[in-house]
1. Give the separation of the Cα centroids, region B:49-96 to region A:93-117, in Å.
2. Got a sec? How would A:112, B:39, B:96 order by Cβ neighbour count within 10 Å, fewest to most?
3. Could you give the spread of the C-alpha atoms of region A:227-272 along their three principal axes, from largest to smallest, in whole angstroms?
4. Convert 10 °C to kelvin, take the viscosity as 1.306 mPa s, use the Kirkwood radius over C-alpha pairs of region A:29-79 as Rh, and evaluate the Stokes-Einstein diffusion coefficient in µm²/s, rounded to a whole number.
5. Taking only the alpha carbons of chain A, what extent do you get along each of the three principal axes, in Å, biggest first?
6. Which order, highest average first, do B:69-77, A:329-337, A:140-148 follow once you tally other Cβ atoms within 10 Å for each residue and take the mean per peptide?
7. Under 10 Å, Cα contacts only: if you run a Gaussian network model on chain A, which one of A:306, A:15, A:324 comes out with the highest mean-square fluctuation?
8. Let me confirm one metric for peptide A:47-53, namely the mean number of other chain beta-carbon atoms within 10 Å of its residues' beta-carbons.
Ligand SMILES: [Zn+2]
């Protein structure tokens, strides 16, 4: 059975507070902070992008796993902010970690769930003995249109997972997906910023898909919710996952460890993988983790994960990156994110 | 790092710039970075072999750049440092993930993967290493 052999996280160190953005647009910061349950978000440096974030996360995953990168037979990078429209992020990442050249690679895109789709592909390739190890990464440097509600949450970060069958630190016992064509959020080719169907993003998109995938996983695997020690839901804001947990009767303590958006924002393809990484950082052998991603457009991938006795200390835990902060003014942020043309 | 650099020269340096691949001399044990194909100390006795550097080192000296060359305008002020690698070689590189006022001589640093430059809006993006303070989980 395929499982996680190693994992690694990366979050850029810059942050911008909700107050700083709200001030520029004449909005009430407190009502936004309450409404979205978010304090601040991560911002990439000028010289960081999805490829550099994915590479740093992959290097951390490799040093956690302690495997020879030449054993990696597949590299998939899931993102909605690949630096190139045509030229694979995955090839650059693979080259940087010395996994090239005998391997397959591709970039994935499915709004915020491309990283978990990459994990599923690697699971199938490992289970069918096509590859010994697969590397699945979810990473993004997402942008919201200046003044748009998404500007408060669109953040940057990522996590990488080495999937294999030997010496797994956590086994992925089951996965279940739920996908429909739903117009909740999109970005047309050549457009710099996304658009969203405003209120359409909640019930028919996020809640329906995350819940359907999660309930499908429970039924398929014969699990009850009580068996899980931790739950990670995709977190476009700090509010949605809490609301869903309440509706499903999941105690909030189980959600807390993997809920990063209130402090770092929505890292899109990085969000569920980073939430899961934060849980693995503290999980003990035998514990069970439920993780369900969501990507607009729309779909969810749900996973039942059992931690094994091979789990060990992560030298670069998510919390280390989450607490490494340097605050920006809106002007500095606009320069960073190339909202100002030079 | 000027713009419109030849694609061939960017491509040839990928192993060095992405992974720190270099060489050492087996005769005297000296490590080189960037790679040398001849040991200036051993000369005819040179025994050159491939070697990948650890990527860790210390800041020997540094300067803060306020007037950037073309392509680096968004990053000012930034720091260019001479870094001594654990294996011995010294090299000049940009520092990242640190404010100029926080840089110290002797500060331990490691290679981070970053965008180095790009060929306008439609050209190739050039990736490689910069040096950042070594991250430690205890803080
Ligand atoms: Zn020599």
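Read the figures in this text as sums done on the coordinates, not as results from a lab. Because the structure is a prediction, the values reported are computed rather than measured. Virtual Cβ from ideal backbone geometry, glycine too; neighbours counted across all protein chains shown.
1. 29
2. Listing A:112, B:39, B:96 from fewest to most nearby Cβ atoms yields B:39, B:96, A:112.
3. 27, 17, 16
4. Diffusion coefficient, whole number: 113 µm²/s.
5. Between the extreme Cα coordinates on each principal axis of chain A lie 55, 45, 37 Å.
6. A:140-148, A:329-337, B:69-77
7. Taking springs between Cα atoms under 10 Å, the residue moving most is A:324.
8. 6
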